[in-house]
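FYI, it's all coordinate maths here, none of it is from the lab. Everything numeric in this text was worked out from a predicted model, so none of it was measured. Quick reminder, even Gly has a Cβ in these numbers, built from the backbone with ideal geometry, and neighbours come from all protein chains shown.
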Amino acid sequence: MSKTARLLVVGAGLAGLAAAATLFESGFQNVQVLEATEKHGGRIDTTRPFGPDIIELGANWIHGQEGNPLYSLAKEHGLLHEDPLASIMCLPTSFTPEDYFFREDGQQLDPVEVERVCALFGQLTTRAFSCELEDRFLSKSLGHYLDEAFAEDVLANSSREAQQIFEWCKRSECTDEASSSLYEVSASQIGHYVALQGGFFNTLGSGGYQALLDLLMRNFPAGVLLYSKPVQQIRWTCGKGVGPPVRVVCEDGQEYEADHVIVTASLGFLKEKASTLFEPPLPATKVGAIKNLGFGTVDKIFLQFEHRFWPEDCAGIQLVWDQGPEDAAVHASLSQGEAWRDTWYKKICGFDVVARHPTVLCGWITGREAEHMETLTEEDVGEVCVRLLQTFTSWPVQKPTRVLVTKWRHHPYACGSYTYIPCGVDAVKEHQALAEPLPLDPVPAMVKPLQVLFAGEATHVNFYTTTHGAYITGVREAQRLINYYADHQ
Ligand code: 6YU
């Protein structure tokens, strides 16, 4: 039976490709992958708009080495880039001496002061990530916890500048959390995220993430992956036990029958479409998980210049506002009304020099401000960025020759960038509910079990947000089917 079972995978991102590859390796022959867009990769998007060298519009790094199957795969096949400093960096804990921090009056900040504040910020976030928060912080947002803990340190009262750098740290951390603000993120629940040892910023070589995807697909038989096949509805038989267990209907009207379907669509897509994607509708626990887990936006702004106008040793230009949007008081006032739209650009943390592209900068922006930016023209975004760079650095900033802006929130099949845990949400419960296959246990007699399975980064309790999380969940769901058929030969 395992050789002939009809298996469908919805989505050709990392989770979908990992699932299909695992099924083929175990001898399943009747596997088809339906991908909505005209290319595979999903939130991995390696491209070459600035010449022969790649840039990544989506995921950049492999987070961690020990126990990371993607790192092992990349290493085994020689796909890693061995110089860690050649990567884009934009996080407080990744602060390097080559990052230049500027105030909006054009003054460069003292690197010693910057390092001191970033180090404290690193210690405070590590406490949250290692589940070492005091009880009084457990119900708070990450933003409120950080503010209170910072206020208790002498550094907080040492200068206004220290507070401004701290605001930059929080703004930058929003990139990690894909949140509009750290005041929305749970302080206690991020302890469930597990950071694998061995470096946060492992970089791939000249083929980028695409080379890893190619590796996964190397044994796919021809015609397995069908592009431009958006799935409109997944009709599972729930308790009825008649006909094919699952019928998948695509937007072009084509229908596919299957014994099992592995759904890997992003949490963002499920938030928008789950109510019509499944027939019968999803059970309440799953609807709750889709609603309760957060899915935020991280966007990149690439600016290509004719010449480099920054010093050669500069790895990034970081922007420290007098009053930035992650300042508690500013955040509180911006939560009312729409004024944040007028100052959306204040959410940009900075611009990093892009690896292998000495005249290209990459800006980072998150949350609702990123979503607003996506509605503007690239020309307008470029002009705003040039004004920012001129104001902060006083270097001779030229007009960019090309501006390229990612639009992950408006991508119809990503609907955002990655998962975060909002305040008040039980992360483990919701990730597990999202991962549970349908029909839920107990499965009535005569009804085929494991009709609809769920993979994708949001379904991993410890590695959500990451590419290795996506990969592991694809393998996990394939393995669930392999085990089922091993037990029911
Ligand atoms: C990482 C990193 N990284 C930057 C940016 C983004 C993401 N991530 P997919 O969505 O890929 O696949 C689903 C497919 O399904 C897709 O092809 C769809 O078209 C298709 N589909 C959907 N609906 C369909 C339908 N109806 N019919 C048919 N097909 C359909 N991760 O490890 N390193 O550097 C970054 C980054 C800008 C947008 C990232 C990074 C996230 C990963 O990209 C993402 O998790 C996986 O690619 C998802 O794969 P998938 O298969 O699940 O879905 C607490 C705590 C926090 C600690 N944080 C740790 C670090 C956070 C990550 N850091 C990120 C930074 C960057 C720069």
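Share of antiparallel DSSP beta bridges in the chain, in percent to the nearest 5?
65 percent
To the nearest 0.05, what FRET efficiency results for Q390 and E38 with a Förster distance of 35 Å applied to their C-beta separation?
Efficiency, from the Cβ-Cβ distance: 0.35.
What spacing in nm lies between the two simple spin-label points modelled at K429 and N483, each 7 Å away from Cα in the Cβ direction?
Between K429 and N483, the label points sit 2.4 nm apart.
With θ taken as phi - 60° and the coefficients 6.51, -1.76 and 1.60, list the Karplus ³J(HN,Hα) couplings across the stretch 56-69 in order, rounded to whole Hz; mark glycine and proline as x.
So the J values, rounded to whole Hz, are 10, 7, x, 4, 10, 10, 9, 8, x, 10, 5, x, 9, x.
S186's amide H: which non-local residues (gap 5+, or another chain) put their own amide H closer than 5 Å, with H modeled 1.01 Å from N in plane and none for Pro or chain starts?
L142, I421, C423
With the crude spin-label approximation of a point 7 Å out along Cα→Cβ, what separation in nm comes out for V154 versus V224?
Rounded to a tenth, the inter-label distance reads 6.2 nm.
Can you tell me the convex hull volume per residue for the stretch 101-240, based on C-alpha atoms, in Å³ to the nearest whole number?
Per-residue hull volume (Cα only) is 257 Å³.
Would you be so kind as to identify which of G16, H331, A187 lies farthest towards the positive end of the dipole of the chain, taking Lys and Arg as +1 and Asp and Glu as -1 on Cβ and the Cα centre as origin?
Farthest towards the positive end: G16.
Given H placed 1.01 Å from N in the peptide plane, which residues other than close sequence neighbours of I262 have an amide H under 5 Å from its amide H?
L8, V9, V10, L453
Could you derive backbone 3J(HN,Hα) for the stretch 285-296 from the dihedral phi with the Karplus parameters 6.51, -1.76 and 1.60 (θ = phi - 60°), listing whole Hz in sequence and x where the residue is Gly or Pro?
Result, ordered by residue: 4, 6, 4, x, 4, 5, 6, 7, 5, x, 9, x Hz.
Per residue of the stretch 19-30, in order, report the coupling 6.51 cos²θ - 1.76 cosθ + 1.60 (Karplus, θ = phi - 60°) as ³J(HN,Hα) in whole Hz, putting x for Gly and Pro.
Each residue's phi maps through the Karplus curve to give 4, 4, 4, 5, 5, 4, 4, 8, x, 5, 10, 9 Hz.
For the modelled label position 7 Å from the Cα of A119 along Cα-to-Cβ, which residues of the stretch 145-182 have backbone nitrogen atoms closer than 13 Å?
Residues passing the 13 Å test: 155.
What are the principal axis extents of the Cα atoms in the stretch 288-368, in Å, biggest first?
46, 34, 19
At 1.002 mPa s and 20 °C, plugging the Kirkwood radius over alpha-carbon pairs of the chain into Stokes-Einstein gives what diffusion coefficient in µm²/s?
91 µm²/s
Mind listing the long-range amide H neighbours of G363? Cut-off is under 5 Å, sequence gap 5 or more, other chains count too, H placed in the peptide plane at 1.01 Å from N.
So G363 has HN proximity to I301, F302, L303, D352.
Largest first and in whole Å, give the semi-axes of the stretch 404-489's equivalent ellipsoid, each being the square root of 5 times a Cα gyration tensor eigenvalue.
Square roots of five times the eigenvalues give 29, 16, 13 Å.
Taking the radius of gyration and the Kirkwood hydrodynamic radius from Cα positions alone, what is the Rg/Rh ratio for the stretch 193-348, to two decimal places?
Dividing the radius of gyration by the Kirkwood radius yields 1.07.
Taking the highest mean first, how do the peptides 449-457, 474-482 order by number of other beta carbon atoms within 10 angstrom per residue?
The peptides rank, most packed first, as 449-457, 474-482.
Using only Cα atoms, tell me the angle between helix 160-177 and the longest principal axis of the chain; keep it within 0 to 90° and round to the nearest 10.
The answer is roughly 20 degrees.
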